[in-house]
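Shown next, in structure tokens, is the structure this report addresses.
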Amino acid sequence: MEQTTYQRPDEHGYYGSFGGAYIPEMLHPNVEELKSRYLDIMYEENFQKEFHALLRDYVGRPTPLFLAERLSKQYNTAIYLKREDLNHTGAHKINNAIGQVLLAQRLGKKRIIAETGAGQHGVATATVCALKGIECIVYMGEKDIERQAPNVARMRMLGATVIPAVSGSKTLKDATNEAIRDWINNPTDTHYVIGSVVGPHPYPDMVARFQSVISEEIKAQLKVTTGKELPSHVIACVGGGSNAAGAFYHFLDEPSVQLVAVEAAGHGVNSGRSAATTQLGNPGVLHGSKSLVMQTADGQVVEPHSISAGLDYPGIGPMHAHLFKSGRGTFLSATDDDAVAAAFNLCKLEGIIPALESSHALAALNQMKLSGKETIVLCLSGRGDKDLATYMNKMDRI
Ligand SMILES: *Cc1c(COP(=O)(O)O)cnc(C)c1O
């Protein structure tokens with residue numbers, strides 16, 4: 001049996017004490033099928049060929065590893081940006097969407113379902129379904145459909161059916177419930193694409209493996225530019241944790257590399273309006289796995305807050321809960337205001353408008369004690385076009 005490491009969960013999907021599969025009885029056949037087949041399918045020669053060809057020719061990989069000279073000068077150390085913002089559709093989510101849709105096809109599935117909050121994962125999934133000519137249904141809270149009109153329009157243009165979730169708070173949690181209900185009702189022909197390193201085993205491991213192309217490229221690119229394949233630090237923002245898992249993956253079992261995960265502090269960690277899960281959460285079950293969850297004493301999930309839709313999530317993937325608990329990862333947080341300031345700073349210094357999520361990772365540079373000898377790689381998970389309305393509201397700050 002494979003040994004567990006920080007990289008790999010055990011055969012039941014546990015990273016330390018976090019992970020597993022906590023699902024209704026009626027989902028067992030679907031999750032079992034995926035669990036018994038995902039590794040064989042993913043590492044088939046033809047699968048790898050098609051996956052990597054699409055990453056290259058459709059997504060535009062490898063994404064550059066860019067030495068940000070003026071930013072480096074500001075912090076008096078070397079800072080490289082891993083440019084996931086240059087991917088087709090503008091973020092890292094497409095890596096996982098391609099992987100899962102190819103896998104679904106090999107499982108003989110004819111229908112793809114997904115849930116989305118802000119719509120980023122829905123757009124990535126709808127994109128790949130259009131490419132592959134496969135039916136796509138995206139569940140989305142009714143309230144989110146109103147708030148995220150441009151992404152709803154994108155999904156519809158791409159041929160997806162967007163179904164409103166009208167129960168409860170009419171947001172992500174309710175959309176997830178609808179997607180799970182759909183999957184239970186369509187066990188043989190449907191694959192459920194989860195968008196981050198969350199959900200029941202094997203999703204966290206599967207998504208981390210699809211996103212691990214990020215750190216695979218970083219290693220090779222650093223080797224070429226610096227002569228060494230290991231950086232001193234890798235910094236990434238964490239919502240569910242997929243861009244961080246991808247950027248950390250090939251460094252997880254390299255103890256010399258410091259892994260820095262940055263959560264959203266919202267209005268401040270203790271303001272009651274935040275999404276800093278490791279600071280505020282306790283062990284609990286969310287979205288099918290055991291992890292850290294922001295919850296009340298009696299286990300009610302707390303409504304999170306972040307200015308960035310992608311980090312506005314009350315949980316964190318089990319790999320990250322384990323990195324936090326074991327001390328292997330350093331967990332920092334940045335407030336809404338810190339993130340906006342860091343975004344404007346990057347625009348002026350490097351001519352890059354970052355996503356609000358990625359701006360949290362940039363903001364964490366201010367909190368790090370730097371000697372000047374570091375080689376820092378920061379995962380710029382996405383571009384800021386989608387956040388322009390928010391940035392426009394903050395324009396008076398600059
Ligand atoms: C969705 C998203 C995130 C957060 O998701 P993770 O799974 O934590 O990576 C971060 N950055 C961008 C640009 C996103 O779209």
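Just a few scattered comments:
- Gain on full extension, evaluated as 0.36 nm per residue between Asn185 and Ser371 minus their Cα-Cα distance, stands at 61.3 nm.
- Ratio of the Cα radius of gyration of the range 317-363 to 2.2 N^0.38 Å, where N counts its residues: 1.40
- Degrees between helix 28-42 axis and first principal axis of the chain (Cα, 0 to 90, nearest 10): 50 degrees
- Straight-line cross-link partners of Lys35 among the aspartates and glutamates, defined as a Cα under 13 Å from its Cα and at least 8 positions apart when in the same chain: Asp10, Glu11, Asp205.
- Asp10-Tyr75 pseudo-label distance in nm [points 7 Å out on the Cα-to-Cβ vector]: 3.7 nm
- Debye intensity ratio I(q)/I(0), log10, the range 160-284, q values 0.16 Å⁻¹ (C-alpha model): -0.97
- Radius, Kirkwood style, for the range 129-224 when every pair of distinct Cα atoms is counted (Å): 15.4 Å
- Inter-label distance for Arg56 and Leu349, nm, one decimal - labels placed 7 Å from Cα along Cα-to-Cβ: 3.5 nm
- Antiparallel content of DSSP bridges confined to the chain, in %, to 5: 30 percent
- Taking 1.306 mPa s as the viscosity and 10 °C as the temperature, the Stokes-Einstein diffusion coefficient of the range 275-398 based on its alpha-carbon Kirkwood radius rounds to 100 µm²/s.
- Span from the the range 343-386 Cα centroid across to the the range 103-140 one, whole angstrom: 30 Å
- In terms of distances greater than 18 angstrom between alpha carbons, the cross-link table entries Lys49/Lys109; Lys82/Lys219; Lys223/Lys348; Lys73/Lys373; Lys170/Lys394; Lys109/Lys170 yield Lys49/Lys109; Lys223/Lys348; Lys170/Lys394; Lys109/Lys170.
- Gap separating the Cα centres of the range 239-263 and the range 8-52, nearest whole Å: 20 Å
- Equivalent ellipsoid dimensions for the range 241-292 as semi-axes, Å, which come from the Cα gyration tensor, largest first: 24, 16, 10
- Gaussian network model of the chain, springs between alpha carbon atoms under 10 Å - residue of Ala275, Ala339, Ala149 with greatest fluctuation: Ala149
- A dipole drawn for the range 10-103 from +1 and -1 charges on Cβ atoms has a positive end, and of Gln74, Gly16, Leu54 the residue lying farthest that way is Gln74.
- Bridge orientation summary for the range 214-372: considering DSSP beta bridges with both residues in this region, about 40 percent are antiparallel.
- The convex hull built on the alpha-carbon positions of the range 120-161 has an orientation-averaged projected area of 2.5 nm².
- Listed residues Val197, Thr171, Gly90: farthest to the positive end of the dipole of the range 58-198 (Cβ charges): Gly90
- Stokes-Einstein diffusion of the chain at 10 °C, 1.306 mPa s viscosity, Kirkwood radius from Cα pairs, rounded to a whole number: 76 µm²/s.
- Rounded to 5, percent antiparallel among DSSP beta bridges of the range 177-302: 60 percent
- Computed per residue of the chain from DSSP H runs no shorter than four, each worth -39500 (n - 2.57), the mean residue ellipticity at 222 nm is -12000 deg cm²/dmol.
- Degrees between helix 93-106 axis and first principal axis of the chain (Cα, 0 to 90, nearest 10): 30 degrees
- Anchor Lys143: aspartates and glutamates whose Cα lies under 12 Å away (excluding residues fewer than 8 positions away in-chain): Asp174
- Mean projected area (nm²) of the alpha-carbon convex hull when the range 1-129 is viewed from all directions: 11.4 nm²
- When Rg and Dmax are taken over the Cα atoms of the range 226-347, they come to 14.7, 53 Å.
Laboratory data are not the source of any read-out in this text; all were calculated from the coordinates shown. Note that the structure is a prediction, hence the values are computed from the model and not measured. Positions of Cβ are backbone-derived with ideal geometry, glycine not excepted, and every protein chain shown enters the neighbour counts.
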